[in-house]
Every structure is written in C-alpha cells, then in structure tokens.
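**Student:** Structure provided below as structure tokens; questions to follow.
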Amino acid sequence: MNITIDGKICQAEQGEFLLPIARRNNIHIPTLCHSEALPGQASCRLCIVEVVENGWHKVVTSCVYPVTKEVEVITNSPKIVNMRKTIIMLLTARAPNNEYINRLREEYAIPQSLRFTSDQDEQCTLCGLCAAACETMGLSAISTVSRGITKKVSTPYDEPSQTCIGCSTCAQVCPTGAIKASEQGNKRTIWNKSFELLNCKGCGRYFITQEQLEYINNRLDTTSDELLCEKCKKTFVFKKFTAMYGHVVTK
C-alpha cells in the first residue's frame, strides 16, 4: 500500500511501523530509545508524528504505530515540533550536560533551561534500552530500580551482579553514553565488577570475558574455545572461501 509522509508517497507493508518506513525514504524523525535490535520501547516519545485519517488528526508514536491503511503522516507540524521541544526540555532537565541531548536541543533551538535543577553529572535518560538488552539475553543483571526522582538503572542493591557476564552490551546500546565500561590490559570493569578478558587467537586483541564465552557456548550448546574477534572471523571466512573457490567474484 501507499502512504503519504510529509507530502511524499511511500510504499508500506501491512502492519509495518511508521518509523522504518520514514527512514527508508530518507525522512528524518528524531529518536532516543529506538534500536532496530530492540524494537518497541516507545519510552522517549521523541518520534511522535501526526497521522491524518478521514480528516481527523491524532498524535502517535511512530516506532510502534503499525500502518493498516492508506494514511497521511506529518512529521514536523507546529504541534509536533512544540511537543518535541517540551520532551527535549524535560530530557535536558534530566541530563543537562549530555552531548546527545544538547545536540537535540540545538537542533530545535531550545535554550539551556534554568527552571529545573538536577545532577549536572547525570547522563541516563531512563530510556530502558540497557535493561531490555540484558533481559533479552536472559540475564537481567540490571534493571530500573526505585521510583520518582530517585529512579535509576542499577544492579540489585547497587552491588556487583552475580549474573553479569561483562559483555558490555548494555553500554553499547545506550544512546547517551551513560553506562561506562573501562578496559585496561586484560581487565574490563563495568557495574562495579571486574572481568578478565581473553585474547583473539588471530590478532591478539583482548575482546571477550570468560563468562561471556561460557554464556555463548551454553546458548549454542558447544564447547568451542576457538577465540576470534569479529574482524578476524571475517578474514578467516574470506580466506576459507577463496581457498575453496580460488577467486572472489565482485560486482
């Protein structure tokens, strides 16, 4: 089916969400909590748009709004822009010195608000991506705790988690860089817990924890100890392919 986004005709599949349709057609909609690997968060509301059906206008969250019929979508109407500005101001109040939030503030010409006071070092916007990633892996080493102004993401009782494997997936999906994972030599520290890193047999780079390797082996029901980083895996597959077929066909 066809839908119209900001005056542009776009093809859409039945039930497909609005956000990927817009992105496929190079139409910008700001996001914070959206991840293609972890869809459906819809917590930040930055991706709100206006949908027009039979002359009626309604505001929807584009990352979780499925297209079921031909509709018109407006991503930057005055109403939507003003609502986004309010959301960004609230995010600024939460994390006043975060680089990503400040870029959004500059994009929408929002002055630095002095109305609310907050922790100047706070970087977390409570989008929930980190906790969702950990839960998806079946670990749940971190979660949102407390409520109200004291709500935060943490390990149980702020103690080193027994189920954390040090994979740093939570840090990788965090859009604001709030979760810090430090590495020094063969040690990785995250959530107040240190892990010993194992090195790649190809390039020698330290890249994976022993706990992470055991987790992967358990999930795949293997006992493999062949440690290759992603770059070396690609090189190994390439060499194996060329050895089998003698050449590589490129377009």
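The values are calculated or read from the model by the stated rules, or taken from the named source; none is laboratory data. The structure presented is a predicted model; accordingly, all values stated were derived computationally and were not measured. Every residue, glycine among them, receives a Cβ derived from its backbone with ideal geometry; neighbour counts consider all protein chains shown.
**Student:** How many residues does the range 93-110 hold that are within 18 Å of the chain's Cα centre (by Cα) and not polar (S, T, N, Q)?
**Tutor:** Residues that pass the stated criteria total 6.
**Student:** Got at least one residue in the range 169-182 being over 25 Å from residue 102 (Cβ atoms) and either at pLDDT below 95 or in contact with an Asp or Glu (Cβ under 9 Å, 6 or more places away or on another chain) (or both)? It would help to see each step written out before you state the result.
**Tutor:** Going through the range 169-182, the residues over 25 Å from residue 102 (Cβ atoms) turn out to be 169.
Remaining after also requiring either at pLDDT below 95 or in contact with an Asp or Glu (Cβ under 9 Å, 6 or more places away or on another chain) (or both): none.
So far as the range 169-182 goes, no, none of its residues is over 25 Å from residue 102 (Cβ atoms) and either at pLDDT below 95 or in contact with an Asp or Glu (Cβ under 9 Å, 6 or more places away or on another chain) (or both).
The rows are residues; the columns are (1) small (Gly, Ala, Ser); (2) crowded, with 20+ Cβ neighbours inside 10 Å; (3) more than 22 Å from the chain's Cα centre (by Cα); (4) not in a helix (DSSP H, G or I).
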site	(1), (2), (3), (4)
70	no, no, yes, yes
73	no, yes, yes, yes
76	no, no, yes, yes
81	no, no, yes, no
91	no, yes, no, no
112	no, no, yes, yes
126	no, no, no, yes
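**Student:** Still on this model: Name the single residue, out of those in the range 46-68 being hydrophobic (A, V, I, L, M, F, W, C) and in a strand (DSSP E or B), that is surrounded by the most Cβ atoms within 10 Å (Cβ to Cβ).
**Tutor:** The first filter runs over the range 46-68 and keeps only residues hydrophobic (A, V, I, L, M, F, W, C), leaving 46-49, 51-52, 56, 59-60, 63-64, 67.
Pick out the ones that are also in a strand (DSSP E or B) and you get 48-49, 51-52, 56, 59-60.
Working: 48: 21, 49: 24, 51: 18, 52: 14, 56: 7, 59: 14, 60: 16.
Filtering first and then ranking leaves 49.
**Student:** A further question follows. For a quick check of your reading: which helices (runs of 4 or more DSSP H) sit entirely within the range 164-251 and have at least 1 residues that are farther than 30 Å from residue 32 by Cβ and assigned by TED's automatic domain parsing to the domain that holds residue 135? If you could, list the steps in order and put the result at the bottom.
**Tutor:** Working: elements: 169-173, 210-220, 230-245.
Per the criteria, 210-220, 230-245.
**Student:** Next question. Check 40, 15 and return the single one that is touching a strand residue (DSSP E or B) at 6+ places or on another chain (Cβ under 6 Å), loosely packed, with under 14 Cβ neighbours inside 10 Å and not in a strand (DSSP E or B). I'd like the intermediate steps shown before the answer.
**Tutor:** Working: 40 fails: touching a strand residue (DSSP E or B) at 6+ places or on another chain (Cβ under 6 Å).
Checking each option against the conditions leaves just 15.
**Student:** Can you pull out every residue in the range 189-208 that is touching a Leu at 6+ places or on another chain (Cβ under 8 Å) and either closer than 30 Å to residue 44 by Cα or of a type in the set (S, T, N, Q) (or both)?
**Tutor:** Going through the range 189-208, the residues touching a Leu at 6+ places or on another chain (Cβ under 8 Å) turn out to be 198-202, 206-208.
Residue satisfying the conditions is 199 alone.
**Student:** Restricted to the range 141-153, and to residues that are part of a loop (DSSP other than H, G, I, E, B) and out of contact with any helix residue (DSSP H, G or I) (no Cβ under 6 Å at 6 or more places or on another chain), which residue is nearest to residue 91 (Cα to Cα)? So that I can check it myself, show each step before the final result.
**Tutor:** Just the residues of the range 141-153 that are part of a loop (DSSP other than H, G, I, E, B), to begin with: 141-142, 146-147, 151.
Those left that are additionally out of contact with any helix residue (DSSP H, G or I) (no Cβ under 6 Å at 6 or more places or on another chain): 146-147, 151.
Values: 146: 19, 147: 17, 151: 14 Å.
That would be 151.
**Student:** Which of the residues spanning the range 93-110 are among the polar types (S, T, N, Q) and in a loop (DSSP other than H, G, I, E, B)?
**Tutor:** 97, 98
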